[in-house]
Amino acid sequence: MEMEPKLFLPAKSRYTHSIVLSAVLISKLADDAHFFLLSRVRAPRTTAMIRALSCAAREPALFARGFSTSGTCNENHKCKLLVVGGGAGGCSVAAKASNKLGAGKVIILEPADKHYYQPMFTLIGGGIKTLKDSYRPMKQVLPVLATWIQDSAAKFEPESNTVITANGDRIEYEFLLVAVGLQLNYDKIPGLVEALSIKDGKVCSNYSPKYVDRTFQALKNFRSGNALFTFPNSPVKCPGAPQKILYIAEHYLRKTKKRKNANLYYNTSLPVLFGVKHYADALWEIVKRRNITVNLRTNLVEVKPASDEAIFENLDNPSERFTVNYEFLHVTPPMGAPDVLKACSSLVNDMGFVDVSKDTLQHQRLGNVFAIGDCSASPNSKTAASVAAQSQVVYKNLMSVMDGKTPSRVFDGYASCPLVTGYNTCMLAEFDYSLTPLETFPVDQRKERYSMYYMKKDFMPTLYWHLLLNGLWNGPRLMRNLMHGRL
């Protein structure tokens, strides 16, 4: 009879021996549990407990010192397609690709445990929606057939088709989709983070779930004085959002009988009120009618919360600065490409954005790399609607490249911005790369309408959660063609 090999243990206390023996047993159970979870639920792929138990299976001595999710015990992963980022773009393309490629072929690298519908943040700032309305657990929105690694990218190594995670894991891929969005740089404005940390303070920002609830509270606290709204000297996601909250706030002050005591200023770094003249002309009429002062080429450079002062620079003459006292200050923070992208020069352009063709969204030099959404160098307006239109282009071109073909789908730069102008009106701006209107409905969309407001408030969130994230919504092109009789 063959004897089973004995486990050798160093001469330590009985307590240590029992810990190590327990570790071996639990490690075996962990491997079985790990396999069961993978066979039943593809997301999330790695939880802290499973990671720790799997580590114990390979290195029982580590278990004796207690569970750890540090980089002490790293893992290697391989996949057909790696999607870095579980936002709207990453989620949509991962859903399409995993349905096509099958279970276990797609990995999604995403650290967050909540997925936010960010276009709702404007409505939260106006007290129309709540923060709870804006998110779902990440595990509920990621595609079931994809494998979720709950971690973030620490280093891109496209030359070896590898991404290193913050926990030290290595993920090798055949194809890569970068969908990491924009980085919010609140700390680039001195005094801003301090101002945003003051309880019930006068400074707010709709751009982060950490701060968005401050906006409506600050509006309610406002009594009289200057109300300032800013647009930074940087790329911005949803470029219409900084003035949406301006119009909502102005309407709120009218509703609460505080408007006559308020001076509203929109200080924007841009040389225009809105990038598409077709809509900008209509917006100028709104700000004039509502007695809102617009200062172009004006950039916020510092906040002094102790004295309630904001310092601005004239971008046409940077040495010229001026100070404004505020009773309400809504700040749109500077934004840019994530630091982890900028650190990989072979992947990005001079601005740190993934260097893709604006037509195919395939990397200019790395044929197995694509990008979608805000982190892409494509010169479209950075909106959720753009992601919807890009998703089918990216998916089809990815499949073509996987089949050894040349990508042929072309993105036209479509973007949409529902410009909410109050508590019941909205102007729907739609346009392409050339800033030419590309409107869906056979009406004048420059007109403020109740219908567009309720579409923004009630219909678009449903479309987002149930269609876009499941890879079933590719933008309104088909609807547009039907509306205009082009089918």
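Where a number appears in this text, it was derived from the coordinates with a stated rule and is not lab data. All of these numbers come straight from a predicted model, not from anything done at the bench. All Cβ positions, even for glycine, are placed from backbone atoms using ideal geometry, and neighbour counts span all protein chains on display.
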Practice task
At 0.36 nm per residue, minus the direct Cα-Cα distance, what do Val301 and Met455 gain on full extension? Give it in nm, one decimal, please.
Solution key: 51.8 nm
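What order, most packed first, do the peptides 91-100, 254-263 have when packing is the mean number of other Cβ atoms within 10 Å of each residue?
The peptides rank, most packed first, as 91-100, 254-263.
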Completion exercise
With a 28 Å threshold on alpha-carbon distance, the violating pairs from Lys255/Lys304; Lys132/Lys447; Lys382/Lys456; Lys96/Lys237; Lys96/Lys277; Lys78/Lys237 are Lys255/Lys304; Lys132/Lys447; Lys96/Lys277; Lys78/Lys237
Exercise for the section: Find how much the distance from Thr256 to Asp350 grows on full extension, using 0.36 nm per residue of separation minus their present alpha carbon separation; answer in nm with one decimal. Expected result: 29.1 nm
Practice task
State which entries of Lys129/Lys188; Lys139/Lys210; Lys188/Lys342 exceed 24 angstrom in Cα-Cα distance in the structure shown.
Solution key: Lys129/Lys188
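Say R0 is 56 Å: what FRET efficiency, to the nearest 0.05, do Ser408 and Arg290 get from their beta-carbon distance?
According to the calculation, E is roughly 0.75.
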Completion exercise
Output ordering of 114-122, 149-157 (per-residue mean of other Cβ within 10 Å, highest first) is 114-122, 149-157
Problem - From phi via Karplus (6.51, -1.76, 1.60), per-residue ³J(HN,Hα) for the stretch 159-168 in Hz, x at Gly/Pro - result: 5, 10, 6, 9, 10, 9, 8, 4, 7, x
Handout entry: Residue-by-residue Karplus 3J(HN,Hα) for the stretch 427-441, coefficients 6.51, -1.76, 1.60, Hz, glycine and proline x
Key = 10, 9, 8, 9, 7, 10, 3, 7, 6, 8, x, 10, 7, 8, 9
Handout entry: Rounded if a/c under 1.5, otherwise prolate or oblate - the stretch 186-336, Cα gyration tensor axes
Key = rounded
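Mind running the shape call on the stretch 127-192? Use the C-alpha gyration tensor, a ≥ b ≥ c as the square roots of the eigenvalues: rounded below 1.5 for a/c, prolate if a/b tops b/c, oblate otherwise.
Judged from the Cα gyration tensor, the stretch 127-192 comes out oblate (a/c at least 1.5, b/c at or above a/b).
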Problem - Amide proton proximity set for Gln362, modelled H, under 5 Å, gap of 5+ - result: Ser357
Problem - the stretch 270-331 and the stretch 446-470: distance between their alpha carbon centers, rounded to Å - result: 29 Å
Fill in the blank from the handout: Applied in sequence order to the stretch 254-262, the curve 6.51 cos²θ - 1.76 cosθ + 1.60 (Karplus, θ = phi - 60°) yields integer Hz couplings, x standing for Gly and Pro, of 5, 4, 9, 6, 10, 4, 5, 9, 10
Problem - Theoretical gain in end-to-end length, Asn325 to Ser208 [0.36 nm per residue, Cα-Cα removed] - result: 39.7 nm
Problem - Amide proton proximity set for Leu270, modelled H, under 5 Å, gap of 5+ - result: Arg297, Thr298
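Mind ranking 176-189, 310-323 by how tightly packed they are, going by the mean number of other C-beta atoms within 10 angstrom, highest first? Working shown, then result.
Numbers: 176-189: 21.4, 310-323: 13.9.
So the peptides 176-189, 310-323, ranked by packing, come out 176-189, 310-323.
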Handout entry: Nonlocal amide H pairs with Leu428, under 5 Å, H built at 1.01 Å
Key = Leu419
Handout entry: Point-to-point label distance, Lys78-Asp316, nm (Cα→Cβ direction, 7 Å offset)
Key = 6.1 nm
Exercise for the section: Give the residue from Ala262, His330, Ser234 lying farthest towards the positive end of the charge dipole for the stretch 186-336; charges sit on Cβ (+1 for Lys and Arg, -1 for Asp and Glu) and the dipole is referred to the Cα centre. Expected result: Ala262
Completion exercise
Excluding residues fewer than 8 positions from Lys100 in its own chain, the aspartates and glutamates with Cα under 19 Å of it are Glu174, Asp403
